[in-house]
Amino acid sequence: MPDASKPQAGPPPDRTAPVRLLLVNPRFPESFWSFRWALGRILPGKRAVNPPLGLATLAALCPPHWSVEIVDENVETVPLRPAVDLVGVCGMGVQFQRQQELLRYYRGQGYHVVAGGSYASLCPERYGAMADTVVAGEAENIWPAFCSDYERGRPRRLYQESGIVDLERSPVPRFDLLKLGRYTTVGVQFSRGCPFRCDFCDIIVMFGRRPRTKRLEQVGAELDLLRSLGVTNVFFVDDNFIGNRAKAGELLGFLAGYQRRHDYRFRFGTQVSLNLAEDRDLMRGLREASFNWVFIGIESPEEASLREIRKTQNLRHDMLEAVRIIYANGIDVLAGFIVGFDHDTVETFERQHRFIVASGIQVAMVGLLTALPRTPLYARLALEGRLIDAGGSHCDNAKPGTNLVPKRMSYAELIAAYKALHRRLSGDRRIAQRIRNKLRYLGHPYQSGYSRGMQLGIVARLIFHGLLRAPASRLPWFLHSLVACPPRAWALLVADWIAGLSIQDYVRRHIGDASATERRRVRATVESIRRRWAHCLQRGSLQVALEDDPAGCSVTLAVKRGIDRRFFAGVAGRLRHLLRRSAVNITLRIDAMGRRECAGLERLLRRLAADGDRIAVDVDERIRHLLPVDSSVFHLVLDAPGRH
């Protein structure tokens with residue numbers, strides 16, 4: 001844990017020049033929520049789903065004379081030599097590996113670096129060796145304190161919020177510092193906290209069980225700014241939008257009036273609890289305010305599992321009927337599910353499958369139960385000796401791995417059943433069946449939020465990439481869903497197929513095991529590279545390595561000065577074909593080389609950019625100025641031990 005009692009030597013006070021601050025949101029590893037296929041194939045110009053709302057809020061908390069820049073590595077490359085005084089790097093648990101890489105890099109370059117975000121708030125002790133300052137907790141009070149201390153040259157090692165933050169003092173985020181056109185939605189926050197007691201959830205640990213809210217005027221000011229910036233799709237990021245029903249009702253009435261005054265400019269979405277279905281007034285308010293969708297933590301159809309985790313709010317009504325009631329109000333349902341509770345067995349996966357298909361929920365994120373630090377679940381499993389030391393690597397519970405030992409099945413059975421469930425749910429048949437099951441209950445037209453011209457373009461790209469370039473077996477299932485779809489719901493059908501195919505693409509590359517055919521393809525490609533460029537291998541200008549383990553295949557190409565000039569053009573087609581036909585990961589390790597060789601490598605990267613999320617580029621620091629690598633496209637390695 002950083003020693004908060006010891007001020008850190010900072011820059012000498014300089015009141016003549018504004019402090020220059022760079023705020024960085026690290027790149028997310030691809031996850032269930034990345035929707036990479038949709039962003040790359042169907043929605044041109046969009047690079048990510050949501051911008052970093054926390055950093056935009058942090059920027060608004062800075063002194064007005066500070067110069068602030070926000071870089072989101074998910075949509076733009078990080079600057080390696082920024083002209084700033086200090087660098088702040090936020091991060092959720094799934095971003096921790098990249099966050100620490102960025103912190104160590106910028107600290108090594110001589111910048112004062114600040115670590116913050118949700119994971120630093122949960123585990124500030126993990127950042128002491130990589131950050132000059134750690135900001136843990138909600139920022140409205142402690143960030144201005146840090147700014148004041150920094151200007152005096154006396155920043156502390158740790159700033160930790162220990163009180164209750166009044167959201168009515170939270171400023172309008174600096175949305176103007178974000179590249180909003182590169183995102184599909186933009187976040188707005190009305191409340192923090194959740195009244196329930198789910199023992200696996202870290203929300204009540206960080207924000208408490210008494211929801212706090214902003215004033216309606218604050219929300220209106222944020223929407224005014226977003227409207228002026230051309231935004232149409234807004235996500236209320238509240239952990240439970242209806243945690244305080246009375247306040248939620250007031251906001252919905254305000255939003256309905258706002259929408260009428262501004263020609264229904266926005267399409268909204270948010271997160272709620274399943275007990276929404278028992279409140280007709282709230283559902284009517286959501287519809288009148290133009291909420292298209294809600295995300296609900298359904299977790300499990302097993303009553304014993306829900307009682308085990310204290311999620312009894314899901315037991316007040318039949319859960320399948322509750323979902324259908326929400327559909328009937330014209331609101332789509334996205335949902336989270338969890339497997340691996342103590343009462344779960346291998347048979348639970350079949351019940352999860354039946355419920356998800358019957359409910360028609362297309363975006364159904366099925367995750368493995370994961371014990372997050374400081375949660376009641378974590379404490380209980382620690383006492384029982386059932387925690388697995390995962391080093392923070394299992395913060396993404398939508399990957400086939402977790403940090404706990406299941407109770408009624410083996411770990412191997414848990415992982416195998418989890419993979420099988422994803423493969424079943426992501427098939428074309430299940431996509432079509434869920435659309436039909438949803439349409440039986442959906443009321444009121446679903447609004448896409450896009451102009452007519454954009455909608456036509458989206459449909460055309462879906463037909464081209466999702467049908468014409470797909471196996472012939474998909475078309476009958478697409479038609480199966482289309483014939484059951486009234487014209488008023490065509491926008492929903494298109495949205496569900498795009499979401500379903502994105503999830504299918506993710507499952508194929510990250511959840512399923514590599515097939516024997518795929519492994520042979522990777523080995524054959526590696527051998528063809530070795531044969532074709534044997535003379536480069538012999539003189540040491542090229543090294544080729546293949547790792548083939550149960551987790552998948554990875555290929556490393558290490559290139560040095562003296563490589564054949566024809567190498568980059570010759571290997572491009574092989575690597576591109578391999579990336580398109582397999583789930584392989586590739587590392588390009590580049591040591592010192594000349595301008596002409598760097599130009600060849602740059603052309604290679606352009607050809608591989610469409611699959612850049614699976615390519616790590618490790619460039620010798622001495623030639624980074626010759627080879628600009630976009631870290632939002634590729635994983636640019638910045639912390640490579642042993643490099644000169």
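All of the numbers you see were taken from the coordinates with simple rules; none came from a lab. Keep in mind it's a predicted model, so treat the numbers as computed, not measured. Ideal geometry is used to build each Cβ from the backbone, glycine not excepted, and the neighbour counts take in all protein chains shown.
Packing, taken as the mean count of other beta carbons within 10 Å per residue, orders the peptides 214-227, 98-111 from highest to lowest as 98-111, 214-227. Based on C-alpha pairs under 8 angstrom that are at least 6 apart in sequence, the stretch 20-160 has a relative contact order of 24 percent. Here, the chain is characterised by an Rg to Rh ratio of 0.96, where Rg is the alpha-carbon radius of gyration and Rh the Kirkwood radius. Structural size metrics of the stretch 98-224, computed from C-alpha coordinates, are Rg and Dmax of 16.5, 45 Å.
Shown in residue order for the stretch 601-610 are the 3J(HN,Hα) couplings computed by the Karplus curve 6.51 cos²θ - 1.76 cosθ + 1.60 at θ = phi - 60°: 5, 4, 5, 4, 5, 4, 6, 9, 4, 4 Hz (x for Gly and Pro). Sorting 568-574, 115-121 by their mean Cβ neighbour count within 10 Å, with the most densely packed peptide first, gives 115-121, 568-574. Each residue of the stretch 368-385 was assigned a 3J(HN,Hα) from its phi angle through the Karplus curve 6.51 cos²θ - 1.76 cosθ + 1.60 (θ = phi - 60°); the sequence is 8, 4, 10, 8, 8, x, 6, 8, x, 4, 4, 5, 5, 5, 5, 5, 7, x Hz, with glycine and proline shown as x.
Counted by neighbouring Cβ atoms within 10 Å, the residues Ser34, Ser451 run from fewest to most as Ser451, Ser34.
The order of Val294, Val89, going from fewest to most other C-beta atoms within 10 Å of their C-beta, is Val294, Val89. Placing +1 on the Cβ of every Lys and Arg and -1 on the Cβ of every Asp and Glu, with no other charges, gives the chain a dipole of roughly 2300 debye about its Cα centre.
From most to least packed by mean Cβ count within 10 Å, the peptides 313-319, 248-254, 378-384 give 248-254, 313-319, 378-384. Each label was represented as a point 7 Å from its Cα along the Cα-to-Cβ direction; for Tyr411 and Arg351 these points are 2.6 nm apart. Note on Arg461 and Arg581: with the Förster distance fixed at 22 Å, the Cβ-Cβ geometry gives a FRET efficiency of about 0.55.
Note that the stretch 293-308 has calculated 3J(HN,Hα) couplings of 8, 9, 9, 10, x, 7, 6, 7, x, 8, 4, 5, 5, 5, 5, 4 Hz, one per residue in order, obtained from phi through the Karplus relation 6.51 cos²θ - 1.76 cosθ + 1.60 (θ = phi - 60°); glycine and proline are x. Which whole-angstrom value gives the distance between the alpha carbon centres of the stretch 241-267 and the stretch 562-635? Going from one Cα centre to the other spans 49 Å.
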